[in-house]
Amino acid sequence: MAHLEPLDPKVDSIRVLTLLPGDSNANNKELFCELENKTLASKPEYEAVSHAWGPGQPINTISINGHKVPIRPRLHDALCSLQNGQRRSLWIDALCINMEDTRERNDHVNMMSYIYSRATRVLAYLGPSHSAFSKADLEEMNEGYHYFSEENCQLVFESIYWTRRWTIQELIQAKEIRFHLGKGYFTLDNRFNSLANASNRTWLDDHLERIENHRKYMHSHLQQLEVLLEMFKDLECEDTRDKVFSLLGVADDIAQELIEADYDVDYYELYASLMDYHQAAAPLQCRSNLFRSSTYDPEPWRENWMGFDTSIERSVRVVAFSNLVQKTLNDAVNKTPIPKSLSLGDPIIARGVIVGEVLRIGGTYDEYVSSWESNKKWKTLLESTYKTDRDLAKWRKYDADFYQQMLKWDRDEVAAIQSCNTTESYGYREVWDDEPILRDDSESVTDDSQPKRFLGTKGLMGFLPPGARQGDHICSFWEACFGFVVRKVAEDRWMIVGRATMSKQALTPVASESVYSDALNYGTDNTSYGSMLSKTGDTFWAKQKDLAHEAVILFKLDVCTLQKLTA
């Protein structure tokens, strides 16, 4: 790339693009720019451009230091909109980073948030406007009270900019933000006035409110990497690894110390690094609702009796976090071979709750999707299993709703309900040592059959892995609609049969019972029954403690088993 002069590897440096003034009378604008290397020590002043690259190959060109450089149409539009009557210093990733040099790309990605935080202003380009803004319009915008037309408001909402993941850290770190539509712009502060002509702006208001909360509570729990991954999980990027890398710079915890942006790393190695991060990260202060809402309280949470004791919070969350990571990486981890160099390290401890027992086992997934006869047999099985249950009507509804959900599954979701043959990973209650569990041939599980539908105690229903039996138990984990099927094989050992996927409707009431929270907190001081001791006496406390003890189950898991069961 002839227009790029190599950066000095001995000092932290960036390139700054100077956009030269254009001829306002020219019909076909040709853009001329200068690009210069700047050390961070020189305190360069620049505005950082935040934009969505957009689809397609470069078809436009601009002149940089006398060289014709191809750029994508969307970036060309942005530069035309940002060009004014003065020289304008800009930092733009697509032009200021040598994307063909992996080492330089890695270095810049790792300090991206630093680059944006040093900018005098971030210019977020949303796309071209419906019609040109007049000089009077632009003057009003400087005063903060211009109203966008209905057509321009619609373009704001439809911009692909809002779907891109990299924009999050760029906006959170910015000293000042201007959202540009063509030459017109609005800010976070005046967006309600600017977009007053919009008929429906709920989603965008919610999205920008999340950005504002992160800017306001920059160093709170909101800036922990796992919260960021959950909060912005629906946003996209071109390289799947960027779903993690794009948030590292804004993560205000140990994530930056343990994980670096590296485009040579494969997905399994990245997954293993994220699990190491989770185990080392500080506990989150969060209520223990089984399924948390999609939005977060802006104020830091306060612990109450429903919360997790900090000593066990990592083990309560680890299964759900592992699943979140794999979904974030588009299930690429499950399709990546386990690296021979992977160090398993110390076992990962996960804490769950036994929520029921398998009562009946039906047919396979394919049978229910393709055969009416199988569905008739299943309805008969459901009726006979719960015929004396006062909640039979409820279980019928849950079953019908679950059936509609499973029709939407793809083959990966079915394949995730898989068996587990490990002897090194197992469940326990009181203590564990390095003795692996024993599995005889009758307990070995083969993968030659599909998952099968099941009914359990308290209305539990879903799919079991191959090898599961009647009498096996289902262990649930916080914020997960899947669990582990376990079978007791010794006094203090439970064999992991495999993964089960359950109906969320049926699971939620079971996991909302007080014993669920008590079991998660078993062995700590943060239990509901402990607070009632003075009122109800030792008998009640002892009963509650026994119920919690019977429900809690801990797992010793190597990273490969955890990955497989949470894919």
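Worth pointing out:
- Counted residues, the range 185-204 - those being over 27 Å from residue 139 (Cβ atoms) and among the acidic types (Asp, Glu): 0
- The range 77-118, residues that are assigned to a helix (DSSP H, G or I), touching an Asp or Glu at 6+ places or on another chain (Cβ under 9 Å) and aliphatic (A, V, I, L, M): 82, 109, 112, 115
- Within the range 48-69, being over 35 Å from the mean Cα position of the chain (by Cα), of a type in the set (A, V, I, L, M) and over 25 Å from residue 130 (Cβ atoms) holds for 64, 69.
- Considering the range 83-105, the residues that are hydrophobic (A, V, I, L, M, F, W, C) and crowded, with 19+ Cβ neighbours inside 10 Å include one that is farthest from residue 264 (Cα to Cα), namely 90.
- Members of the range 128-164 found to be within 20 Å of residue 78 (Cβ to Cβ), of a type in the set (Gly, Ala, Ser) and at pLDDT below 90, listed by number: 131, 132
- Residue check, residue 174 in a loop (DSSP other than H, G, I, E, B), in the same structural domain as residue 125 (by TED's automatic domain parsing) and over 27 Å from residue 244 (Cα atoms): no
- Residues that are in a loop (DSSP other than H, G, I, E, B) and either touching a residue at least 12 places away in the same chain (Cβ under 8 Å) or crowded, with 19+ Cβ neighbours inside 10 Å (or both), drawn from the range 328-342: 329, 330, 331, 332, 336, 337, 338, 339, 342
- Residue count for the range 206-239, restricted to those that are free of Cβ contacts under 8 Å to residues at least 40 places away in the same chain, surrounded by 14 or more Cβ atoms within 10 Å (Cβ to Cβ) and more than 25 Å from residue 282 (Cβ to Cβ): 1
- Residues that are within 16 Å of residue 175 (Cβ to Cβ), surrounded by 15 or more Cβ atoms within 10 Å (Cβ to Cβ) and in contact with a Ser or Thr (Cβ under 7 Å, 6 or more places away or on another chain), drawn from the range 32-64: 46, 47, 50
- Flag not set for residue 167, criterion: loosely packed, with under 14 Cβ neighbours inside 10 Å, closer than 23 Å to residue 72 by Cα and in contact with a strand residue (DSSP E or B) (Cβ under 8 Å, 6 or more places away or on another chain).
- The single condition among (1) in a helix (DSSP H, G or I); (2) hydroxyl-bearing (Ser, Thr, Tyr); (3) exposed (fewer than 15 other Cβ atoms within 10 Å of the Cβ) that residue 388 does not satisfy is (1).
- Single residue of 136, 132 found to be outside any helix (DSSP H, G or I) and either touching a helix residue (DSSP H, G or I) at 6+ places or on another chain (Cβ under 9 Å) or farther than 18 Å from residue 246 by Cα (or both): 132
- Where strands (runs of 3 or more DSSP E) fall entirely within the range 458-529, those with at least 2 residues that are within 23 Å of residue 324 (Cβ to Cβ) and of a type in the set (Val, Ile, Thr) are at 482-490, 493-502.
- Residues located in the range 240-257, provided they are of a type in the set (A, V, I, L, M) and surrounded by fewer than 17 Cβ atoms within 10 Å (Cβ to Cβ): 254
- Any chance residue 360 is at pLDDT 90 or above, out of contact with any Asp or Glu (no Cβ under 6 Å at 6 or more places or on another chain) and not assigned by TED's automatic domain parsing to the domain that holds residue 559: no
- Being within 31 Å of the chain's Cα centre (by Cα) and either touching a residue at least 24 places away in the same chain (Cβ under 8 Å) or on the phi > 0 side of the Ramachandran plot (or both) holds for only one residue in 121, 72, and it is 121.
- Given (1) in contact (Cβ under 8 Å) with a residue 60 or more places away in the chain; (2) within 19 Å of the chain's Cα centre (by Cα); (3) closer than 25 Å to residue 101 by Cβ, index of the condition residue 259 fails: (1)
- Residues (in contact with a Ser or Thr (Cβ under 6 Å, 6 or more places away or on another chain) and not aromatic (Phe, Trp, Tyr)) located in the range 390-420: 417
The values are calculated or read from the model by the stated rules, or taken from the named source; none is laboratory data. Here the structure is a predicted model, which means the values were calculated and not measured. Cβ: placed from backbone, ideal geometry, glycine included. Neighbour counts: every protein chain shown.
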